[in-house]
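Before any comments, here is the structure.
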Amino acid sequence: MSEYFPNVPQFQYEGTGSKNPFAFRHYNPDEIVGDKTMRDHLRFGAAYWHVMRNELGDPFGAGTAQMPWDDGSDSLQNALNRIPVFFEFLEKSQIDYYCFHDRDIAPEGATLAETHQNLDRIVDELEKFQNETGKKLLWGTACLFTHPRYAHGAGTSPNADVFAYGASQIKHALEATHRLGGEGYTFWGGREGYGSLLNTDMKRELDHLAALLHLAVDHAKKIGYTGQFYIEPKPREPSTHQYDSDSAACLNFLREYDLLDHFKLNLETNHATLAGHTMEHEMEVAIAANALGSIDANRGDELLGWDTDQFPTDIYLTTNIMLRVLKMGGFTTGGLNFDAKRRRESHEPEDLFHAHIGGMDAMARGLKNAHQILKDGCMPGFIANRYASFDSGIGAEIEAGKTSLDALDTYAQGITPPVLASGRQEMLENILNDYLV
Ligand code: XLS
Ligand code: NI
Ligand code: NI
């Protein structure tokens, strides 16, 4: 078998003292943390679109990425040629899962029927490589935002024929995901929003989007696909305003259209920050609704206002993320998909590896820190204690819904004025920092 990355060995765990740039310093796949291995906690995934298809262009300049295995064409053969490269990448970096859009893996054909045939051919090949390597599909999705036909949206397009095209793509992408044993299927509505309300019937667009999601749920039942559906929130870009703007907006949409039983959220760090939230905030909102499914692990840049999709390297961030993953009891169908790309200046193939190894080690450190914080119990204990007045007496009655304004009025008039405890934010920040050394 030819090697596409001859200078890169398979990553091994060498510990913190290692100076080997292709070794893990913190991610030790089989090490047990708490109740399971790091591999099972973190469930790392690689994004086909970034690893194989991102040429590293930006709005001001052409792509820079060196991809000697790629002839630059949109042929089926070129698509087939990329697959062994990708699986070598997964094997060397010890990433167990991957994610794709239909159009990342297979090109459009001259007709829609030919497009679907292309996808089927590629899925045959992916299936073969999955069986040979044991790599698994975390989730699949359909790209309903790149082709010009989706300029006004797919599910929210004012053109019913475009809606039908999108539905056709979803049917085949869902069936491909099912065939490959995909544990989830994601909807990210890049163009499901609007540029101007002057030309938009918002209510009708939302009704249509919900109809499309219901059709997908129905089709999954029909073909026996039991994987988890996800919606991925993002407030804008490419649309001026996307309907799935943040966790709260998605949950409201899912509840309103009776979809909450079928969908969870796939949260991406950089999307959280674009929405004006922290990732922790988005995770807490989703967890409270029992709807946190999976994570697109990346980060933004505070100096840039767009979706820079950088690899997570900030231990403060990864600790906060893993605290919430552990708090919800870990992933079930979800995982940590690196929806992240190298900088345009990091154009050599080996940079793909440096990027992912950094993200994996940062998440592994976050996991270990989070596990230790929860084990020590001091920080969660502080929070529990802060609400202790609701554990008994009048607080317990409030929580149980066993009181009334009359009863609370009588109660409040019979007590001495409340004395507040300090929130101790600074002390807690100091404690958190102690875990990050
Ligand atoms: C883009 C999104 C996209 C989804 C999959 O910003 O993150 O990559 O994850 O369509
Ligand atoms: Ni994403
Ligand atoms: Ni993104």
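The values are calculated or read from the model by the stated rules, or taken from the named source; none is laboratory data. This structure is a prediction, so every number in the text was calculated from the model and none was measured. No Cβ is skipped: glycine too gets one built from the backbone with ideal geometry, and neighbour counts run over all protein chains shown.
Whether any residue in region 68-76 is surrounded by fewer than 17 Cβ atoms within 10 Å (Cβ to Cβ) and under 21 Å from the mean Cα position of the chain (by Cα) is what I want to check. Checked against the condition, which is being surrounded by fewer than 17 Cβ atoms within 10 Å (Cβ to Cβ) and under 21 Å from the mean Cα position of the chain (by Cα), region 68-76 yields no hits at all.
Among the residues of region 1-46, those identified as of a type in the set (D, E, K, R), loosely packed, with under 12 Cβ neighbours inside 10 Å and within 28 Å of the chain's Cα centre (by Cα) are 30, 35, 36. Among the residues making up region 407-426, those that are among the aliphatic types (A, V, I, L, M) and exposed (fewer than 11 other Cβ atoms within 10 Å of the Cβ) are 415, 419, 420, 421.
Conditions tested, residue by residue: (1) without any contact (Cβ under 8 Å) to a residue 24 or more places away in the chain; (2) of a type outside the set (S, T, N, Q); (3) surrounded by fewer than 16 Cβ atoms within 10 Å (Cβ to Cβ); (4) out of contact with any helix residue (DSSP H, G or I) (no Cβ under 7 Å at 6 or more places or on another chain).
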{"site": "347", "(1), (2), (3), (4)": "no, yes, yes, yes"}
{"site": "350", "(1), (2), (3), (4)": "no, yes, yes, yes"}
{"site": "355", "(1), (2), (3), (4)": "no, yes, no, yes"}
{"site": "365", "(1), (2), (3), (4)": "no, yes, no, no"}
{"site": "383", "(1), (2), (3), (4)": "yes, yes, yes, yes"}
{"site": "397", "(1), (2), (3), (4)": "yes, yes, no, yes"}
{"site": "405", "(1), (2), (3), (4)": "yes, yes, yes, yes"}
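Of 226, 200, 146, all but one fail to be within 16 Å of ligand 3 (Cβ to nearest atom), among the β-branched types (Val, Ile, Thr) and surrounded by fewer than 20 Cβ atoms within 10 Å (Cβ to Cβ); the exception is 146. For region 222-264, taking the residues that are assigned to a helix (DSSP H, G or I) and within 15 Å of ligand 2 (Cβ to nearest atom), the one that is nearest to the chain's Cα centre (by Cα) is identified as 247.
Looking at residue 319, is it more than 16 Å from ligand 2 (Cβ to nearest atom), surrounded by fewer than 19 Cβ atoms within 10 Å (Cβ to Cβ) and among the hydroxyl-bearing types (Ser, Thr, Tyr)? No. With respect to the conditions (1) over 19 Å from residue 239 (Cβ atoms); (2) within 16 Å of ligand 1 (Cβ to nearest atom); (3) modelled with pLDDT of 95 or more, residue 323 falls short on a single one, namely (2).
Name the residues in region 345-380 that are small (Gly, Ala, Ser) and within 21 Å of residue 330 (Cβ to Cβ), would you? Listed by number, the residues that qualify are 359, 362, 364, 366, 370, 377. Residues that are small (Gly, Ala, Ser) and either within 14 Å of ligand 2 (Cβ to nearest atom) or assigned to a strand (DSSP E or B) (or both) were ranked within region 276-316; the one that is farthest from residue 436 (Cα to Cα) is 293.
Taking region 22-107 and the helices (runs of 4 or more DSSP H) fully enclosed by it, the elements with 1 or more residues that are within 17 Å of residue 129 (Cβ to Cβ) and polar (S, T, N, Q) are at 76-93.
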